[in-house]
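Engineer: Attaching a single structure in structure tokens format; questions to follow.
The values are calculated or read from the model by the stated rules, or taken from the named source; none is laboratory data. Remember, it's a predicted structure, so these values are computed and weren't measured experimentally. Here Cβ is always computed from backbone atoms with ideal geometry, including for glycine, and neighbour counts include all displayed protein chains.
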There are 2 protein chains.
Amino acid sequence: MSKGDQTRARILRHAARVASRDGLEGLSIGELASALQMSKSGLFAHFGSKVELQIEVLQAAAVDFEEKVVRPALKAPRGPARLRALCEAWLRWASSPDIPGGCIFAGASFEMDDRPGPVRDYVAEQQRQLLGVLSRSARLGVEAGLLRPDLDCDLLAFQLLGLMLGFHHARRLLRSRNAEAMARKSLDQLLAQAMPAH
Amino acid sequence: MSKGDQTRARILRHAARVASRDGLEGLSIGELASALQMSKSGLFAHFGSKVELQIEVLQAAAVDFEEKVVRPALKAPRGPARLRALCEAWLRWASSPDIPGGCIFAGASFEMDDRPGPVRDYVAEQQRQLLGVLSRSARLGVEAGLLRPDLDCDLLAFQLLGLMLGFHHARRLLRSRNAEAMARKSLDQLLAQAMPAH
């Protein structure tokens, strides 16, 4: 890594922590520069605008999610095992100390939903892709006869995402100690409902 | 209503629309004053601080939710009928054109979860009360024999709240046309699962 790449990575890491806590709109180039002991122009040399920085923070989180959640889960056998692996890795990822404010996409989804522009577009596109991964994983399970033939795969994807939003809400806002246990029980119920009748 | 009360109500109505779209942190006394053609000091005469305004906006939304969602639903017969009435009224409320940005508590829950202070405390307390209403409604249904004796009422409350967050996400961020239909199907599933075995 060149020195420039290292600086860039350091800015992004710090920005990701700020955004996970204060939201994407809470990212201020001035405050970032001061926290990182850089000049504002030095920071602007790496990111041309606040929007560019916001999108790169989200892109870095998306790459991390892909590496730590999606790719390992795709090694699990198709069907309910893979859906469970996806959701378990997702819960671990969302609880990681690296992202003290929890999943940045959960916050960004609510923060950005009424702010048209490239940041909102990026968040929506990422969330659609995630729903696609969930829905296709369910579809493969149906085709393999491991899940109910009449399963509504898009509905299950919607329910799994709602489950994760509920987990974020219980853990982050309510500081509930049961957040993870309730998320796991809900996951068990959703997967049990998706199994073929015996 | 006195003239002062009318002005106050007009400020709150406008602030609620802004906050539902831009978030509670998006409320700026200066911008509100300018949009309402008032002076900043005129506005401060009604609300001493931004935090006070934020909490009053939330209080007004809580009163509205109580009137339009909770109170009418409590007239439905206890058990599954009341839970359904609560969720149906909640869906209608969250889709109302009066709150163009959707449920202000959904947005505030994610916006405020890492911002300690009286606004966060108020949001968390309101959400706990809402979970309590849902959980107690389920408990009454269990006691009346209309819901499964082994139903985990707190878990069901968590799931219903997750369902509504998923609905907000699908409708507001993804602009999904199926958001309401998927929310209804999920509600049907959750209530079916909560019914006593035959």
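Engineer: When B:ARG71 is evaluated against the numbered criteria (1) in contact with a Leu (Cβ under 8 Å, 6 or more places away or on another chain); (2) at pLDDT 95 or above, which criterion, by number, is the only one it fails?
Structural biologist: With (1) in contact with a Leu (Cβ under 8 Å, 6 or more places away or on another chain); (2) at pLDDT 95 or above applied to B:ARG71, the lone miss is (1).
Engineer: Could you tell me which of the residues A:GLY132, A:GLY117 is surrounded by fewer than 18 Cβ atoms within 10 Å (Cβ to Cβ) and farther than 28 Å from B:ALA19 by Cα? Please lay out each step first, then the result.
Structural biologist: Values: A:GLY117 fails: farther than 28 Å from B:ALA19 by Cα.
Of A:GLY132, A:GLY117, the one residue that is surrounded by fewer than 18 Cβ atoms within 10 Å (Cβ to Cβ) and farther than 28 Å from B:ALA19 by Cα is A:GLY132.
Engineer: Is it the case that B:ARG71 is in contact (Cβ under 8 Å) with a residue 24 or more places away in the chain, surrounded by fewer than 21 Cβ atoms within 10 Å (Cβ to Cβ) and over 25 Å from A:GLY107 (Cβ atoms)?
Structural biologist: Numbers: in contact (Cβ under 8 Å) with a residue 24 or more places away in the chain: no; surrounded by fewer than 21 Cβ atoms within 10 Å (Cβ to Cβ): yes; over 25 Å from A:GLY107 (Cβ atoms): yes.
It is false that B:ARG71 is in contact (Cβ under 8 Å) with a residue 24 or more places away in the chain, surrounded by fewer than 21 Cβ atoms within 10 Å (Cβ to Cβ) and over 25 Å from A:GLY107 (Cβ atoms).
Engineer: Then there's this: Within region A:40-68, can you find the residues that are part of a loop (DSSP other than H, G, I, E, B) and surrounded by fewer than 18 Cβ atoms within 10 Å (Cβ to Cβ)?
Structural biologist: Restricting attention to region A:40-68, the residues satisfying the condition of being part of a loop (DSSP other than H, G, I, E, B) are A:47-49.
Within region A:40-68, A:GLY48, A:SER49 qualify.
Engineer: Quick check on this structure: which one of B:ILE29, B:ILE99, B:ILE104 is within 20 Å of A:GLU25 (Cα to Cα) and within 14 Å of the chain's Cα centre (by Cα)? Let's see the steps before the verdict.
Structural biologist: On the way: B:ILE29 fails: within 14 Å of the chain's Cα centre (by Cα); B:ILE99 fails: within 20 Å of A:GLU25 (Cα to Cα).
When all the criteria are applied, what remains is B:ILE104.
Engineer: What are the residues in region B:11-47 that are of a type in the set (Lys, Arg) and within 14 Å of chain A (Cβ to nearest Cβ), if any?
Structural biologist: Just the residues of region B:11-47 that are of a type in the set (Lys, Arg), to begin with: B:13, B:17, B:21, B:40.
B:ARG17, B:ARG21 - these are the residues of region B:11-47 that are of a type in the set (Lys, Arg) and within 14 Å of chain A (Cβ to nearest Cβ).
Engineer: Considering each residue of region B:139-176, count those that are among the acidic types (Asp, Glu) and buried (at least 16 other Cβ atoms within 10 Å of the Cβ), and give that number. First the steps, then the outcome.
Structural biologist: Quick first cut of region B:139-176, residues among the acidic types (Asp, Glu) only: B:143, B:150, B:152, B:154.
Still in the running and buried (at least 16 other Cβ atoms within 10 Å of the Cβ): B:152, B:154.
Counting residues in region B:139-176 that are among the acidic types (Asp, Glu) and buried (at least 16 other Cβ atoms within 10 Å of the Cβ) gives 2.
Engineer: Now for a different question. Going by the structure shown, is A:VAL142 more than 12 Å from every other protein chain (Cβ to nearest Cβ) and touching a Leu at 6+ places or on another chain (Cβ under 7 Å)?
Structural biologist: On the way: more than 12 Å from every other protein chain (Cβ to nearest Cβ): yes; touching a Leu at 6+ places or on another chain (Cβ under 7 Å): yes.
So A:VAL142 fits the description; yes.
Engineer: Here is a list of conditions, (1) touching a helix residue (DSSP H, G or I) at 6+ places or on another chain (Cβ under 6 Å); (2) exposed (fewer than 15 other Cβ atoms within 10 Å of the Cβ); (3) of a type outside the set (Ser, Thr, Tyr); (4) on the phi > 0 side of the Ramachandran plot, and A:GLN37 meets all of them except one; can you say which number that is?
Structural biologist: (1)
Engineer: Output the residue which, of all residues in region B:66-87 that are more than 16 Å from B:GLY141 (Cβ to Cβ) and not aliphatic (A, V, I, L, M), is nearest to the chain's Cα centre (by Cα).
Structural biologist: Once the filter is applied, the top-ranked residue is B:GLU66.
Engineer: Something else about it: Within the bounds of region B:132-155, is there any residue that is over 20 Å from the mean Cα position of the chain (by Cα), more than 22 Å from A:LEU187 (Cβ to Cβ) and either among the basic types (Lys, Arg) or at pLDDT below 95 (or both)?
Structural biologist: Yes, some residue in region B:132-155 is over 20 Å from the mean Cα position of the chain (by Cα), more than 22 Å from A:LEU187 (Cβ to Cβ) and either among the basic types (Lys, Arg) or at pLDDT below 95 (or both).
Engineer: So which residues in region B:13-30 are in contact (Cβ under 8 Å) with a residue 12 or more places away in the chain and over 22 Å from A:PHE110 (Cα atoms)?
Structural biologist: The answer is B:ILE29, and nothing else.
Engineer: Right, another one. Which of the helices (runs of 4 or more DSSP H) found entirely inside region A:89-170 contain at least 2 residues meeting this: touching a residue at least 40 places away in the same chain (Cβ under 8 Å) and of a type in the set (Gly, Ala, Ser)? Explain how you work it out, then say what you get.
Structural biologist: Numbers: elements: A:104-112, A:118-143, A:153-168.
Because the criterion is at least 2 residues that are touching a residue at least 40 places away in the same chain (Cβ under 8 Å) and of a type in the set (Gly, Ala, Ser), the helices (runs of 4 or more DSSP H) in region A:89-170 that meet it are A:104-112, A:118-143.
Engineer: More than 8 Å from every other protein chain (Cβ to nearest Cβ), in a loop (DSSP other than H, G, I, E, B) and either in contact (Cβ under 8 Å) with a residue 24 or more places away in the chain or buried (at least 22 other Cβ atoms within 10 Å of the Cβ) (or both) - does that describe any residue in region A:177-196? Outline the logic, then answer.
Structural biologist: Taking region A:177-196 as the starting set, the residues that turn out to be more than 8 Å from every other protein chain (Cβ to nearest Cβ) are A:177, A:179-181, A:183-184, A:187-188, A:190-192, A:194-196.
Narrowing the set further to residues that are in a loop (DSSP other than H, G, I, E, B) leaves A:177, A:195-196.
Going one step further and asking which of them are either in contact (Cβ under 8 Å) with a residue 24 or more places away in the chain or buried (at least 22 other Cβ atoms within 10 Å of the Cβ) (or both), we end up with A:195-196.
Checking region A:177-196: at least one residue is more than 8 Å from every other protein chain (Cβ to nearest Cβ), in a loop (DSSP other than H, G, I, E, B) and either in contact (Cβ under 8 Å) with a residue 24 or more places away in the chain or buried (at least 22 other Cβ atoms within 10 Å of the Cβ) (or both).
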